[in-house]
1. Say we look at region 1-55 and pick out the residues that are among the β-branched types (Val, Ile, Thr) and in a loop (DSSP other than H, G, I, E, B); which of these is surrounded by the fewest Cβ atoms within 10 Å (Cβ to Cβ)?
2. Give me the pairs, please: first residue somewhere in region 49-63 and within 13 Å of Asp31 (Cα to Cα), second residue anywhere and assigned to a loop (DSSP other than H, G, I, E, B) and modelled with pLDDT under 95, beta-carbon distance under 6 Å, and either six or more positions apart or on two chains.
3. Consider only pairs whose beta carbons are under 8 Å apart and that are at least six residues apart or on different chains; among these, list those whose first residue lies in region 1-16 and is at pLDDT below 90 and whose second residue is hydroxyl-bearing (Ser, Thr, Tyr).
4. Report whether or not Arg87 is of a type in the set (Lys, Arg), buried (at least 18 other Cβ atoms within 10 Å of the Cβ) and over 16 Å from Pro131 (Cα atoms).
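The values are calculated or read from the model by the stated rules, or taken from the named source; none is laboratory data. Note that the coordinates shown come from a computational prediction; the quantities given were computed from them, not determined experimentally. Backbone-built Cβ (ideal geometry, glycine too); neighbour counts: all protein chains shown.
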Amino acid sequence: MHVHPAQGYAGDVFPQLAFQWWQADEAVLMDVRSDAERAWVGFIPGAVALAWRQWPGMEINPDFNVDLLRAVPSDKKLVLLCRSGVRSIAAAQRATELGLEAYNILEGFEGDPDNQKQRGRRGGWRYHGLPWQQS
């Protein structure tokens, strides 16, 4: 497992490497999905929950920058997770602009849709058997 190069942030990592860094206390794991997604689809116990965009209008969270900087010590990496690894790229770019070493988690929480347009069967945090819960 390794880091894939990226533009505007430190890189892309698969969920397993992000989990290893988090468990080794080398990184802060941040879930940037909306509060509704975490409540309805599932969440990662212990991850920092900070929406990049908020439901229902999916407007950018105006408190994101301030809350992000409060949540991440300057001596730790930041690994960001969303549904499929797209919003977390934008959040990683913002975190990098704010001076953090930020990584996007490839595949996200749910992974890419399969041929039936259903998520959860082609990659993602849950697919790889990493810790998560539903409320």
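1. Looking only at region 1-55, we keep the residues that are among the β-branched types (Val, Ile, Thr), and these are 3, 13, 28, 32, 41, 44, 48.
Subsequent filtering for residues that are in a loop (DSSP other than H, G, I, E, B) retains 3, 32, 44.
Numbers: Val3: 12, Val32: 30, Ile44: 21.
For region 1-55, the residue satisfying everything is Val3.
2. Ala51/Ser34; Ala51/Asn61; Gln54/Ser34; Gln54/Asn61
3. Taking only residues 6 or more apart or on different chains, the pairs are Val3/Tyr103.
4. yes
Residues are listed down the side, and each one gets a yes or a no for (1) assigned to a loop (DSSP other than H, G, I, E, B); (2) modelled with pLDDT of 95 or more; (3) over 18 Å from Ala18 (Cα atoms); (4) over 13 Å from the mean Cα position of the chain (by Cα):
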{"site": "Pro73", "(1), (2), (3), (4)": "yes, yes, no, yes"}
{"site": "Leu100", "(1), (2), (3), (4)": "yes, yes, no, yes"}
{"site": "Tyr103", "(1), (2), (3), (4)": "no, yes, no, no"}
{"site": "Gly108", "(1), (2), (3), (4)": "yes, no, no, no"}
{"site": "Gln116", "(1), (2), (3), (4)": "yes, no, yes, yes"}
